[in-house]
Each structure stands twice: as C-alpha cells, then as structure tokens.
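Asker: One structure, as structure tokens, below. Some questions next.
The values are calculated or read from the model by the stated rules, or taken from the named source; none is laboratory data. Keep in mind that this is a model prediction, so the values were computed, not measured. Because the Cβ atoms are built from the backbone with ideal geometry, glycine has one as well, and the counts that use them run over all protein chains shown.
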Amino acid sequence: MPIRILPQQLIHQIAAGEVVERPASVIKELVENSLDAGATQIEVDVEDGGIKLCRVRDNGCGIPKDELVLAITRHATSKIANIDDLERVATLGFRGEALPSMASVSQMRVTSRETGSDHAYAVDARDGSISEPMPAAASHGTTVEVRELFFNVPARRKFLKADRTELQHLTRQLERLALSRFDVGFVLRAAARIVFNHPVATTEQQQQQRIAAIMGDDFMPHVLHIEHQAAAMTLRGWICLPTFARNQPDLQYWYLNGRVMRDKVLNNAVRLGFQDVLFGGRHPAYLLYLQLDPSLVDVNAHPAKLEVRFRDGRHIHEFVHRTIEQALRSTHAGAATSHAPTDATSILAGGQSIAAQSTMSMWPMQATSQKFAGEFSDAVRDRSTEHAHQYSARLNTDALKIDVNESQFVPPLGFAIAQLHGVYILAQHTDGLILVDMHAAHERVTYEHLKAALARGNIPMQSLLVPIAVNVTTSDASLLEEHAALLSKVGVEVERHGPTSMLIRAIPVLLGRWDASELLQQVLGELREHDASLHVERYIDEVIGTLSCHTAVRANRNLSIPEMNALLREMERTVRSDQCVHGRPTWARVSMQELDRIFMRGK
C-alpha cells in the first residue's frame, strides 16, 4: 500500500491502545483526574465489569462550560503551560490523551458544574465527533460516563475477560488509588450493589481500618512503621516483618508523590533491604510512600503513567535500600520488649518504629568475638559463662524460678530455665514464658558477627600449608586474577599459577573443613555472571549466611543454663535477631494472661 496519513479517528483508536487496556484503565485515568481537580469524594459505578458502563462522579472544582469540548480534545490539558512545567509535574498526569482516547473507543458523556456556577453543562462524544455543551442537572463537580467500551473496535473487545474478572481488576485498581489518598472518600458500586465504601480517613485508626480492608486484617499486626527524610526525599509507610513474607508479590504497594506506580529500581531497593532476613523465593509485603522533588523524576515516561524515570536512580535506590535495612535492624529483642509477641503464633506483632532505640546499653555483657560463630567453643563458652553468671546467679536453680521482685534487672528475653527436646530454650520473663529456637537464634548472631567483620575488612584468614590448585579456563583465570583484591577482603587469597591454574593460598578461618575449591568455583560463577564487585560482595553475603547456618549450634545439643543465658544476651544485642538468616522467627512469647486463660485461672 502507498504511504498515507491515517484518518484522525483511526489515529485516536490506535492511541487508545496505549492508554485504555481494559475498564480498570478507564477508572484509573478518570479517578486521577478527579483527584487533580481537588475532589474529596469520588463515587464509581460500573455495569458488566465496566464494559457496559464506567461512571466516575466527583465533587471537585468542575470544568467551565467553554472548556468542556477542549477536555475531550487531543493534547489539551490544564496541567502544564510551558516547558518549565514539564520538568516539574506535580499532578497525576497531563498527557492530554486519556479522555480523547476513551471517547474514540466508547460512547462518552462529560457533565460538569464549576464551583460557584449555578448551572451544569454536558457534552457527548462518539466516533470522533463532540457535541456542543448542553444544559444538564448536576451538583458541583464532574461526572464522566464511558459506555460500551470498544464497541467500535471488535478486535480489542474480544480480548476483554469475563465480567467478573474485569470487575476484579477494576476493584484492585480503585483500591490502590484509595490507599494513595486517605483524605478522599471512595465508593464503588457494581450493578447498584456496593462493593466497598471507604469514607474519608483522618485519624490513624481510620487509616489503619482502610489499610486492613484493602490489604487484609493480617497486614497491620505484622508491620514496622517507617518514616525517614534525607535531602529532598522522604520515605514513609509500613513494611511487614520477614515472618509475614509471601509466596507472591501481591502485597507490594508503591506511591511516588501520591501516584500509583511500579518501578524496578524501587522494588529492587526494598528487596535488597530485606536480603539478610528473607528466605529464598519469598516476597516482602509493604505499603510505601516516597516524596521527592518533582524535578528529579519524569512521571510521563509511560503512556499509562505506571512507570517513571529517575534522574538519579542510584541515589534514590540507595536511600530506599538503607532506610529499609535500618528499619529491619531495629527488630532485635533488646528493642522489642514493648512490642513482643502476644502469643507463640504471632511473632513480633504490632507497629514498631524505625525510631525505636536499643536498650542494650543496660546489659553489661561484652560482645563475643568472631569465634562465637563456632559451635560454642570452649573459649567462647568460658567467656560467655562469666557474663551469664551475672544473670543466672539470680536463678533459684532448685525450683527453676526467677526472683523478679527487682524486675528492673530482668533483661528483655528473661532468664533461661530449661531446654526442650534439645531444640528450644525456655526462659522466664516477668510477663510470661519466652521460647527461643536456639539454632535459628545462634545462626543470626553468627551471621551478624561475620557481617561486621566483613564491613571492617578483617575477616580472619588462615594460610594453607599446601596451596590448593584449581584448574580453570584461561578467561576464568584472568577474571579471578582481576578480582584478587576483592576476594582477599572476604578472606580468600588466590594466585595465578599458569595459564589455566589458580592457587588458593588462604581461606577464611571459619571455612573450617569446607571444600575451598568448591567455594572458589561458586565465586567464579558469580563473577562470570555479573563481572561486578558489588554483586560478588552480595554473593559473599549469601556464602556467609550458609556458613552461619552450618556453624550454628545444632539441635539436640545440650546447653547449660549459663550457655543458654549467654545466647539470650547475644540475641538482645544483635540486630535483626528476631529472624534467622532464612527469615524464620527466632523467638516467641506466651503471656501470663494466655497461660491463665489456658488453665482457666480466675474462673
């Protein structure tokens, strides 16, 4: 066919494919316009999953009569005026394509009454033609009706799903928008039946009720509240504890300057913040709000405005990553006394804050050395016992009771009284019974000691009496030689010994009987894949995690009371000690009230 200019109507229908994917897309665009118009109440009515009808009614500022036709004209907008506005977009979108695109693939009516006006007017749009404004009956605000979506584009309509499926997509989309603005009320009706009604939420309790209604009742009891500001950025919201991690990323909500969005940079930053506490294949749950200078982000990089482009993505990634990591560092037993679990199945339930301060300065025990990573070696046991006796001396060993008359001396995890089946430590606290998984707890303590040594750059190394030769390819040998300095930082010294041979001259002390050549092959595989020191260091973190698991005290190992108390004290001073390296909980509490309820005391 010859080259020719397409008809305007066909151009609009093609453009609609970028903006209008399904009824949920229509609702998103219309509700965002309502929010930009200053609405405090938005009502959405749909029929047949939104295919037959999508109606959005708001109480915003309204549209003047002489601008109604322009509102449905391509590339017309009230949200920018010049190139400077383009670089600092503070609204939810301005592309000027949404309404014209919808009008090209539906039967649309826009009815509006401007604030302060005594009259409302409406315009109809169909097949590219727009009527003149006509008088209408309406309250202040704007109502947009989109009927028979894709009625004139059969190829698009046949790809829509069943009405119930489209309603589910539409509901989730509107719920995401409802979480972006607690100062706005949202109502969704389907075939005159109320699907949900979220009134304006001004108090913290009302906001939590909206969050629970949308994200589930189990979300809020497992969250950490975070709020951190640096330079021109603020990150606030809620992240769930690793023990609430999901099998799929279905509870991950990001808002940038009030905009619903998805972004790989931000998602990766959160996951990196969870890397020390998240079990493989699990996904964190969170509801996060990022505020930053509009000039630092391009919010119109995506036709549907779902993705953004940061001017300095690395800086923002680092800010989010460090904020999340710091929040999770506060989840240690020493800082969690007032937020301890209320039962053994609800691990650390209840709104801790990133600002929570450690109380470990109260406890005189000194930190153990890296040798604590061994299986309670004699040297560590002696050193730990010396400090543990400061606490265990308060035990009545005959009756296995604690003198709690002077409760100010009782540490957060109490005092050990027994060991159950060689797996769990039972400790008595003023408020009840503490249960500790000794392997999981020791694994976390060991891991954090190794991480600290790695950060200081002094992981103990042992030189091999006879270097180990490892055969590799020529390119792999060059790769290892290039990164020899990095490997030395993590306790591995290698030296090239011919075109296809490497010598391992030193390994980390804690490697013990591990196969050094196997470790080198694992690191080499990571180097081949990423060829970047940052990724290799992250991989070394995983190796450290594996070492911690294998060197932690094993189940069925009988510990003395002083040894158990020493481990409890280490947990209280160790960051992230509420979860092991794999994200499992390390401890739980059964309160006296629960015990009394079990045995029906007082009845």
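Asker: Could you list all residues from the range 128-183 that are under 32 Å from the mean Cα position of the chain (by Cα) and of a type in the set (Ser, Thr, Tyr)?
Answerer: Within the range 128-183, Thr165, Thr171, Ser180 meet the criteria.
Asker: List pairs: first residue in the range 445-460 and within 22 Å of Trp587 (Cα to Cα) and crowded, with 17+ Cβ neighbours inside 10 Å, second residue among the small types (Gly, Ala, Ser) and modelled with pLDDT under 75 anywhere in the structure, Cβ distance under 7 angstrom, at least six positions apart or on different chains.
Answerer: Thr446/Ala373; Thr446/Ser548; Thr446/Ala552; Tyr447/Gly545; Tyr447/Ser548; His449/Ala373; Leu450/Ala373; Leu450/Ser548
Asker: For the range 533-603, please list each of the helices (runs of 4 or more DSSP H) lying entirely inside it that holds at least 1 residues being farther than 15 Å from Leu278 by Cβ and either touching a Cys at 6+ places or on another chain (Cβ under 8 Å) or modelled with pLDDT of 80 or more (or both).
Answerer: Working: elements: 533-551, 561-572, 592-598.
It comes to 561-572, 592-598.
Asker: Only residues that are within 27 Å of Val299 (Cβ to Cβ), of a type in the set (Ser, Thr, Tyr) and modelled with pLDDT of 95 or more: list them for the range 92-140, please.
Answerer: Ser112 - this is the single residue of the range 92-140 that is within 27 Å of Val299 (Cβ to Cβ), of a type in the set (Ser, Thr, Tyr) and modelled with pLDDT of 95 or more.
Asker: Kindly establish whether Arg271 is within 16 Å of Arg329 (Cα to Cα) and either polar (S, T, N, Q) or surrounded by fewer than 21 Cβ atoms within 10 Å (Cβ to Cβ) (or both). Please lay out each step first, then the result.
Answerer: Numbers: within 16 Å of Arg329 (Cα to Cα): yes; either polar (S, T, N, Q) or surrounded by fewer than 21 Cβ atoms within 10 Å (Cβ to Cβ) (or both): yes.
Spelling it out, Arg271 is indeed within 16 Å of Arg329 (Cα to Cα) and either polar (S, T, N, Q) or surrounded by fewer than 21 Cβ atoms within 10 Å (Cβ to Cβ) (or both).
Asker: Of a type in the set (Gly, Ala, Ser) and more than 14 Å from Val44 (Cα to Cα), is that true of Ala122?
Answerer: Working: of a type in the set (Gly, Ala, Ser): yes; more than 14 Å from Val44 (Cα to Cα): yes.
Here the answer is yes, as Ala122 does meet what is asked.
Asker: While we're looking at this one, here's another question. Hey, can you tell me all the residues within the range 279-292 that are buried (at least 21 other Cβ atoms within 10 Å of the Cβ) and either over 12 Å from the mean Cα position of the chain (by Cα) or more than 19 Å from Met220 (Cα to Cα) (or both)?
Answerer: Leu290 - this is the single residue of the range 279-292 that is buried (at least 21 other Cβ atoms within 10 Å of the Cβ) and either over 12 Å from the mean Cα position of the chain (by Cα) or more than 19 Å from Met220 (Cα to Cα) (or both).
Asker: Could we say that Asp127 is touching a helix residue (DSSP H, G or I) at 6+ places or on another chain (Cβ under 8 Å) and either outside the structural domain of Ala190 (by TED's automatic domain parsing) or within 22 Å of Asp163 (Cβ to Cβ) (or both) here?
Answerer: Working: touching a helix residue (DSSP H, G or I) at 6+ places or on another chain (Cβ under 8 Å): yes; either outside the structural domain of Ala190 (by TED's automatic domain parsing) or within 22 Å of Asp163 (Cβ to Cβ) (or both): no.
So Asp127 does not fit the description; no.
Asker: Are there any pairs, at least 6 apart or on different chains, whose C-beta atoms fall under 8 Å, with the first in the range 585-596 and more than 15 Å from Met571 (Cα to Cα) and among the hydroxyl-bearing types (Ser, Thr, Tyr) and the second surrounded by fewer than 22 Cβ atoms within 10 Å (Cβ to Cβ) and modelled with pLDDT under 90, and if so, which?
Answerer: Partner pairs satisfying both residue conditions: Ser591/Thr342; Ser591/Asp343; Ser591/Asp431.
Asker: If you don't mind, there's one more thing I want to ask. Answer with yes or no whether Gln173 is outside the structural domain of Phe274 (by TED's automatic domain parsing), touching a residue at least 60 places away in the same chain (Cβ under 8 Å) and part of a helix (DSSP H, G or I). Even if it seems obvious, please write down each step before you answer.
Answerer: Values: outside the structural domain of Phe274 (by TED's automatic domain parsing): yes; touching a residue at least 60 places away in the same chain (Cβ under 8 Å): yes; part of a helix (DSSP H, G or I): yes.
Judged against the criteria, Gln173 is a match.
Asker: Within the range 436-504, considering only helices (runs of 4 or more DSSP H) that don't extend past its boundaries, which have at least 1 residues that are at positive phi and modelled with pLDDT of 85 or more? Break it down stepwise before answering.
Answerer: Numbers: elements: 438-456, 474-482, 484-489.
In the range 436-504, there are no helices (runs of 4 or more DSSP H) which contain 1 or more residues that are at positive phi and modelled with pLDDT of 85 or more.
Asker: Same structure, new question: Filter the range 156-175 down to the residues that are in contact with a Phe, Trp or Tyr (Cβ under 8 Å, 6 or more places away or on another chain), farther than 19 Å from Ser101 by Cα and not acidic (Asp, Glu) and list them by number. Steps first, answer last, please.
Answerer: Kept after step one, since they are in contact with a Phe, Trp or Tyr (Cβ under 8 Å, 6 or more places away or on another chain), are these residues of the range 156-175: 156-157, 160, 171, 174-175.
Applying the additional criterion that residues be farther than 19 Å from Ser101 by Cα yields 171, 174-175.
Result: Thr171, Leu174.
Asker: Here are some conditions: (1) exposed (fewer than 15 other Cβ atoms within 10 Å of the Cβ); (2) without any contact (Cβ under 8 Å) to a residue 40 or more places away in the chain; (3) over 20 Å from Thr331 (Cβ atoms); (4) not polar (S, T, N, Q). Ala230 meets all but one. Which one does it not meet?
Answerer: (2)
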